[in-house]
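Student: So that we are looking at the same thing, I have put the structure below in structure tokens.
The values are calculated or read from the model by the stated rules, or taken from the named source; none is laboratory data. For clarity, every value in this text was computed on a predicted model and none was experimentally measured. Please note: Cβ atoms are built from the backbone with ideal geometry, for glycine as well, and neighbour counts cover all protein chains shown. Protein only, heavy atoms only, side chains kept; ligands, DNA and RNA dropped before computing areas. Shrake-Rupley method; radii C 1.70, N 1.55, O 1.52, S 1.80 Å.
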Amino acid sequence: MLANPAAPTGNFHPREEVEQLINGLGSNWTVVLDEAYGLFAGSDFRELIRRYPQVASLRTFSKALGLAGVRLGFGLMHPELAEQLRKVIMPFSLSALQSAVGEEVIAAPEYLIARIADVRSERERLYARLQKIAGVEVFPSTTNFLLFRVTDAAIVHRALLDEKILVRRQDHLPALAGCLRVSVGTPEENDLFLQILSAVLNPEAANHG
Ligand SMILES: *Cc1c(COP(=O)(O)O)cnc(C)c1O
């Protein structure tokens, strides 16, 4: 299982690397590419599915389409692999309502494309602004969130929460000491987040305007 782009780091493995992994493992291994954030990265590995029958790609309506509540996703894979999978998934796993929503969304990609462009430009703005805040180490991202490191994740998380801003702590994960993850919001939400984060980390500067 390889989430690419990855969560919660937001980093991306280019196609050559993924292909190296597939070849290195050999055809006895099923490789599942989780492309939940693929639309934000502008990446699409379906071409590998055509070339490698042991590779599957998973997609979700939860992220770029903002339809997590619909609980809808799909997989792309060789028909033989799909046949094996069908033996273990629940019968009637998808409702008629879910299918109807999926069909509507696929028929209207304009909405999808506009939304992704907005998230990507706000992500780059947020990244640039976070880089300028003393006490923040921000990591580049190809997704709709940014991972960043502060000295004390617990204190910063609490202080943001007190201002009704919810970020996710990631500091329990290996190699992510001090890390928090923020989702890219609207420009106004992002500005508020930046303002409060700056004030929490650099109270002196904030007090003096
Ligand atoms: C959100 C997410 C998914 C899919 O979530 P569902 O809402 O269950 O479709 C899959 N993989 C990763 C890495 C995700 O972040």
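Student: Given the criterion among the basic types (Lys, Arg), in contact (Cβ under 8 Å) with a residue 60 or more places away in the chain and closer than 16 Å to residue 9 by Cβ, identify the matching residue among 149, 129, 123, 169.
Tutor: Unique residue meeting the criteria: 123.
Student: Does residue 18 satisfy being within 16 Å of the ligand (Cβ to nearest atom), in a helix (DSSP H, G or I), surrounded by 10 or more Cβ atoms within 10 Å (Cβ to Cβ) and in contact (Cβ under 8 Å) with a residue 40 or more places away in the chain?
Tutor: When the stated conditions are applied, residue 18 does not pass them.
Student: On to the next question. Could you look through segment 61-72, keep only residues that are open to solvent by 40 Å² or more (accessible area, probe 1.4 Å) and near the ligand (Cβ under 10 Å from one of its atoms), and pick out the one that is nearest to residue 44 (Cα to Cα)?
Tutor: Of everything passing the filter in segment 61-72, 63 is nearest to residue 44 (Cα to Cα).
Student: A follow-up question, please. Would you check which residues across segment 155-174 are touching a Lys or Arg at 6+ places or on another chain (Cβ under 7 Å) and aliphatic (A, V, I, L, M) and list them?
Tutor: If the condition is that a residue be touching a Lys or Arg at 6+ places or on another chain (Cβ under 7 Å) and aliphatic (A, V, I, L, M), then 167 is the only one that fits.
Student: Something else now. Listed residues 81, 65, 58, 48; which is in the same structural domain as residue 6 (by TED's automatic domain parsing), in contact with a strand residue (DSSP E or B) (Cβ under 7 Å, 6 or more places away or on another chain) and closer than 23 Å to residue 123 by Cβ?
Tutor: Every option except 58 fails the conditions.
Student: If you take the residues of segment 27-39 that are out of contact with any Phe, Trp or Tyr (no Cβ under 9 Å at 6 or more places or on another chain) and open to solvent by less than 30 Å² (accessible area, probe 1.4 Å), which of them is farthest from residue 113 (Cα to Cα)?
Tutor: Filtering first and then ranking leaves 32.
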